[in-house]
Amino acid sequence: MTENQPADDEEKYLGNECKELLLSLPKKRGWRTLHLYQFQGFWWETQAIEAVISFQKHFQARDSDIVVATLPKSGTTWLKALTFAVVNRHRFAIKTHPLLTSNPHDLVPYFELHLYANNQLVPDLSKFPEPRLFGTHIPFPSLGTITESNCKIVYVCRNPFDTFISAWHFANKIKPQHQAPLSLDEAFDMYCQGMSPYGPFWDHVLEYWKESLKRPQNVLFFKYEDMKEDVVLHLKRLAEFLDYPFTMEEERNGVIEDIAKLCSFESLKALEVNKTGMIRMSKFENKVFFRKAEVGDWVNYLTPKMEERMSKVIEEKLGGSGLTFKVIPDVANPVQQN
Ligand code: PAP
């Protein structure tokens, strides 16, 4: 993969068809890449556009597929780990579990960043064990054959304040060295205008939210803050949704708690593989996926004016949808933003 290649190069290796397409698309400065392009109603990093076109052309969903879908920095790594652990719990003992030696992104690969990325040939998915587990940031309407299949999608969203701060840190951590850092003010302005990778965040979240209401058997919608409050409850809901419910005996034997612990931020962050390893076929260090994992860290960065602006955007875009977020961790008295 070439995530860290010089930004000027990021468009050089694209196929001609994609290069031509880019000429016709609205474009803005990127967060960690040179540009973001507006395509199919959302903002994409350059190489993800080529990848999603290939994905839409070639990927054939199976009803047994499981897809972990998110906006970046909403809890993807965590939900991939939990999903992998639930589905494979009869194959692996906790003590020798693949999650102890592999980053969750290597166990549950992204369509657009791994499988169909970088002009790769169409990936050979025949060796994927059933059920096939995939990850994606692709917005729901662009999911190709998945939207018409019976496969299961698990989506996690996170309050936009923390998602934004996490995304801003991440972009500056992984950008090519010679690219100027994105200031907090500039990133914030872009985020509030919807111009962030896979954004606007409100459209991404809303599309999956609506689908989860329409087809609850196929789309399960989680919130990061709720998962932090009660991961065991969410593990039970996840396992039932995926048709891998925990038995009474498993519950009695503490299997759910074991999985919760295995996938916890503290456990994953402390593993050698996540301290020193790299995501397979990429230049991403595993450690960049583990920062603070707190609810409400945004208060250390955003001014009251910024808070007011984002609250207004959320109210304007999500008001009336029934979707609300906890933006601070006070369980007894959560502040709700609509
Ligand atoms: P991705 O979309 O690029 O894969 P993603 O995993 O969604 O990234 O986001 C990383 C965030 O999840 C980080 O949040 P922070 O910047 O606010 O700290 C990271 O710390 C957090 N995170 C990673 N693993 C876990 C985990 N096991 N439990 C809870 N949060 C986690």
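Is it true that residue 211 is among the acidic types (Asp, Glu) and modelled with pLDDT under 95? Explain how you work it out, then say what you get.
Values: among the acidic types (Asp, Glu): yes; modelled with pLDDT under 95: no.
So residue 211 fails the test.
State whether one or more residues within the stretch 190-199 are within 16 Å of the ligand (Cβ to nearest atom), in contact with a Lys or Arg (Cβ under 7 Å, 6 or more places away or on another chain), farther than 21 Å from residue 147 by Cα and not small (Gly, Ala, Ser). Outline the logic, then answer.
Step one: list which residues in the stretch 190-199 are within 16 Å of the ligand (Cβ to nearest atom), which gives 191, 196-199.
With the extra rule that they be in contact with a Lys or Arg (Cβ under 7 Å, 6 or more places away or on another chain), the set shrinks to none.
No - not one qualifying residue is present in the stretch 190-199.
Which residues, taken from the stretch 164-189, are of a type in the set (Ser, Thr, Tyr) and either within 14 Å of the ligand (Cβ to nearest atom) or in contact (Cβ under 8 Å) with a residue 24 or more places away in the chain (or both)?
166
Please determine whether any residue of the stretch 103-118 is touching a Gly at 6+ places or on another chain (Cβ under 8 Å) and surrounded by fewer than 19 Cβ atoms within 10 Å (Cβ to Cβ).
Pass one, the stretch 103-118, residues touching a Gly at 6+ places or on another chain (Cβ under 8 Å): 103, 105, 108-111.
With surrounded by fewer than 19 Cβ atoms within 10 Å (Cβ to Cβ) added as a condition, the list becomes none.
No, because not a single residue in the stretch 103-118 is touching a Gly at 6+ places or on another chain (Cβ under 8 Å) and surrounded by fewer than 19 Cβ atoms within 10 Å (Cβ to Cβ).
Does residue 27 satisfy the condition of being among the basic types (Lys, Arg), at pLDDT 95 or above and closer than 19 Å to residue 208 by Cα? Steps first, please.
On the way: among the basic types (Lys, Arg): yes; at pLDDT 95 or above: yes; closer than 19 Å to residue 208 by Cα: no.
In short, no.
Just name the residue that is modelled with the lowest pLDDT out of those in the stretch 301-338 that are of a type in the set (A, V, I, L, M) and in a loop (DSSP other than H, G, I, E, B). It would help to see each step written out before you state the result.
To start, the set of residues in the stretch 301-338 that are of a type in the set (A, V, I, L, M) comprises 302, 306, 310, 313-314, 318, 323, 327-328, 331-332, 335.
Filter once more, so that each one left must be in a loop (DSSP other than H, G, I, E, B): 302, 323, 327-328, 331-332, 335.
Working: 302: 97, 323: 96, 327: 91, 328: 86, 331: 51, 332: 49, 335: 44.
Residue satisfying both the conditions and the ranking: 335.
The values are calculated or read from the model by the stated rules, or taken from the named source; none is laboratory data. What you are looking at is a predicted structure, and each value in this text was computed from that prediction instead of being measured. Every residue, glycine among them, receives a Cβ derived from its backbone with ideal geometry; neighbour counts consider all protein chains shown.
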